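The values are calculated or read from the model by the stated rules, or taken from the named source; none is laboratory data. Keep in mind the model is a prediction, meaning the values are calculated, not measured. Cβ: placed from backbone, ideal geometry, glycine included. Neighbour counts: every protein chain shown. Each accessible area value is taken on the protein alone, full model and side chains, heavy atoms only, with ligands, DNA and RNA left out. Shrake-Rupley method; radii C 1.70, N 1.55, O 1.52, S 1.80 Å.
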Amino acid sequence: MTSIVAALGGSLLRPEIENKHLWLDDLISIIRDRVVMGDRLGLVIGGGAPAREGIDLARPLINDDYHLDKIGIAATRLNATIIREAISEAGISVSGIIPSSVNEAVQLLEEKPVVVMGGTIPGHTTDAVAIRFAIAASAKKCIIATNVDRVYDEDPRLNPDTKAHDYLNHEELQKIVGPPEHKKAGQSSVVDPIGVFEASKAKLELNILDGRISNTLRRAMEGSEFDGTVISSER
Ligand code: UTP
């Protein structure tokens, strides 16, 4: 039995394609196949569009990022609910509630093969939650499924000539994402720097990949070679 935790960026849930539900269909098929193989899956869902929209709406009225973070967390829990309900409807055994802490999530994963959650408390993003969940559940690795195909030295939208990485160690990744501090509510880098710091201490393998490509996500979930960046302390 293998335990895997994946952070699924909120943007994946609302793809800019006509049949928006197709990504969710593929995700359910991947989850079903892993559960049939006896794996345990922790899925931590990001806030995406509703988080950005809610935080932008409230920002002129609310000064303190702690309170804006709570709006972001509510959006992550909305997205987690969409995914949990869809998994349950597909007849896959999934925990009945969206846990609000990592400890609760770890306990639920002992009872059910799939646990879906969102954010927990202000001060970080769902990447950091997924990394903590993976460490606490002694998971094999933590997948960070986002909307870029690899880790680059710089944002490739700003510098198209920037270098892409297939392998990095945690220290190299930390240099790229910056020191372990919480950015403003709703702002993010390729992986949460607080999460990277904790993964580094725990020597937890991270797989960073483009979650829009279902086959890439499937391959990382099943432990095959995949298109993306592997972060390992063994480099
Ligand atoms: P996300 O995890 O979605 O952040 O949380 P993100 O990296 O900006 O977006 P994705 O990965 O593309 O979806 C959205 C916001 O919710 C708050 C933060 O303000 C974060 O930016 N949040 C989330 C928390 O404060 N704590 C949490 O545990 C999770």
Would you mind finding the one in D69, D64 that is open to solvent by 20 Å² or more (accessible area, probe 1.4 Å) and among the acidic types (D, E)? D64
In segment 56-114, what count of residues is obtained for those that are of a type in the set (S, T, N, Q) and outside any helix (DSSP H, G or I)? 5
Part of a strand (DSSP E or B) and either away from the ligand (no atom under 14 Å from the Cβ) or touching a residue at least 24 places away in the same chain (Cβ under 8 Å) (or both): is that true of L41 in this structure? yes
Kindly evaluate S138 against the criterion of being of a type in the set (S, T, Y) and within 15 Å of the ligand (Cβ to nearest atom). no
Residue in segment 214-227 that is closer than 26 Å to D33 by Cα and within 16 Å of the ligand (Cβ to nearest atom) present: yes
In the set R52, R32, the lone residue that is near the ligand (Cβ under 9 Å from one of its atoms), open to solvent by 80 Å² or more (accessible area, probe 1.4 Å) and touching a residue at least 60 places away in the same chain (Cβ under 8 Å) is R52
Only unsatisfied item for I121, checking (1) open to solvent by 30 Å² or more (accessible area, probe 1.4 Å); (2) over 16 Å from the mean Cα position of the chain (by Cα); (3) among the aliphatic types (A, V, I, L, M), is (2)
Being more than 20 Å from F133 (Cα to Cα) and in contact with a Phe, Trp or Tyr (Cβ under 6 Å, 6 or more places away or on another chain) narrows it down to one residue among P50, P15; which is it? P15
Out of A80, A90, A86, which single residue is under 17 Å from the mean Cα position of the chain (by Cα), open to solvent by less than 70 Å² (accessible area, probe 1.4 Å) and of a type outside the set (D, E)? A80
Those residues that are buried (at least 24 other Cβ atoms within 10 Å of the Cβ) and either within 22 Å of E234 (Cα to Cα) or of a type in the set (D, E) (or both), I need them from segment 124-144; list them, please. D127, A128, A130, I131, R132, F133, A134, A139, C142, I143, I144
Only one of (1) more than 10 Å from the ligand (Cβ to nearest atom); (2) surrounded by fewer than 19 Cβ atoms within 10 Å (Cβ to Cβ); (3) modelled with pLDDT of 95 or more fails for L109. Which number is that? (2)
